[in-house]
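Q: My structure is below; once you've seen it, I'll send some questions.
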Amino acid sequence: MRSYAWTLVLAGNGILNQVLVGAGFVERPLELASTRIATVIGFVHFFVMLLTLTIYANLKQLSPNYAKAAADLGASRVQTFIHVIGPLTLPGIAVGAFVTFVLCIGDYITPQILGGNKELVLPQIIMQQIGRRADFPTASALAIILMLVVTAVYAGCARWLRLERA
């Protein structure tokens with residue numbers, strides 16, 4: 001539903017173009033629908049919320065005593081954030097970023113609706129190989145590439161998080 005709502009907002013006669021033309025920012029409507037920009041806007045709208053909730057959950061678990069201790073030792077609020085809060089929440093931020101990455105790289109519907117088959121992502125290419133061409137070997141190879149990319153990013157995050165704890 002959100003993707004279709006964004007399609008209505010970004011269409012040639014959509015709300016955004018009506019506001020831009022009405023305010024005099026542009027002379028004619030912009031072509032935003034079925035572009036990479038539309039896909040990126042959809043991804044940001046859908047997945048920033050998940051990342052924000054993950055970071056919030058991590059911050060909520062952090063004891064307020066850390067900030068009080070830093071203040072007692074003479075640290076300003078900025079110094080407390082940079083030297084205490086930031087490093088303690090970095091693993092949660094990394095996990096949230098990884099989960100968001102996995103969901104973005106595997107998303108099929110958002111680019112399908114907002115990109116309009118003009119901007120293809122790997123899951124769409126895999127589905128085309130299966131659905132239109134019945135080319136199962138190529139689809140399998142592309143699926144393995146997708147799996148290897150996710151595995152490499154996971155291994156990098158896991159290694160980095162392990163190094164941060166040591």
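Q: Return one whole number: the accessible area per residue of the chain in Å², for a 1.4 Å probe.
A: Solvent-accessible surface per residue comes out at 67 Å².
Q: Given the whole protein assembly as supplied and a 1.4 Å probe, what does the accessible area of Thr110 come to in Å², nearest 10?
A: 10
Q: How large is the translational diffusion coefficient of the chain in µm² per second when you combine the Kirkwood radius over alpha carbon pairs with Stokes-Einstein at 25 °C and 0.890 mPa s?
A: Numbers: Rh = 19.3 Å.
It diffuses with D of about 127 µm²/s by this estimate.
Q: Which three extents, in whole angstrom, do the alpha-carbon atoms of segment 24-122 cover along their principal axes, largest first?
A: Projected onto the principal axes, the Cα atoms of segment 24-122 cover 58, 38, 16 Å.
Q: Using r as the Cβ-Cβ distance of Val78 and Leu53, and R0 as 35 Å, what FRET efficiency do you calculate, to the nearest 0.05?
A: Numbers: r = 25 Å, r/R0 = 0.72.
In this case the efficiency is close to 0.90.
Q: Restrict the search to segment 100-163; then list the trypsin sites (Lys or Arg not before Pro) that DSSP places in a loop and that have at most 10 other Cβ atoms within 10 Å of their Cβ. Walk me through the intermediate numbers first.
A: Values: sites: Lys118, Arg132, Arg133, Arg159, Arg162; in loops: Lys118, Arg132, Arg133.
In loop regions of segment 100-163 (DSSP not H, G, I, E or B), the sparsely surrounded trypsin sites (Lys or Arg not before Pro) are Arg132, Arg133.
Q: Here's something else I'd like to know. Rank these residues by their accessible area, most exposed first, probe 1.4 Å: Arg77, Arg36.
A: Working: Arg77 215, Arg36 155 Å².
Result of the area sort, largest leading: Arg77, Arg36.
Q: Now, a different point. When all protein chains stay in place, what accessible area (Å², nearest 10, 1.4 Å probe) is found for Phe81?
A: 120
Q: Further question on the same structure: Which sequence of Phe46, Phe101, Phe136, Phe25 reflects their accessible areas, 1.4 Å probe, from the largest down? Provide the component values of the computation, followed by the final result.
A: On the way: Phe46 20, Phe101 65, Phe136 115, Phe25 160 Å².
Ranked from most to least accessible, the order is Phe25, Phe136, Phe101, Phe46.
Q: Pairs of alpha-carbon atoms within less than 8 angstrom and 6+ residues apart define the contacts here; what relative contact order does segment 1-135 have, in percent? List each step's numbers first, then the result.
A: Values: 120 pairs, mean separation 40.8, N = 135.
Across segment 1-135, relative contact order equals 30 percent.
Q: Under the rule of -39500 (n - 2.57) per DSSP H run of 4 or more residues, summed and divided by the residues of the chain, what mean residue ellipticity at 222 nm is obtained, to the nearest 500 deg cm²/dmol? Write down the numbers at each step before the final one.
A: Numbers: 9 runs with 124 residues, N = 166.
That comes out to -24000 deg cm²/dmol.
Q: Ok, one more. Would you mind telling me the share, in percent, of accessible area of the chain contributed by carbon and sulfur at probe 1.4 angstrom? Don't skip to the end; give the middle numbers.
A: Working: 7570 of 11180 Å².
The nonpolar share, carbon plus sulfur, comes to 68 percent.
Q: Same structure, new question: In whole percent, what relative contact order does segment 43-98 give with Cα contacts below 8 Å and a gap of six or more residues? Let's see the in-between values first.
A: Details: 28 pairs, mean separation 28.6, N = 56.
Rounded, it is 51 percent for segment 43-98.
The values are calculated or read from the model by the stated rules, or taken from the named source; none is laboratory data. Because the structure is a prediction, the values reported are computed rather than measured. Quick reminder, even Gly has a Cβ in these numbers, built from the backbone with ideal geometry, and neighbours come from all protein chains shown. SASA here: full protein model, heavy atoms, side chains in, ligands and nucleic acids out. Shrake-Rupley method; radii C 1.70, N 1.55, O 1.52, S 1.80 Å.
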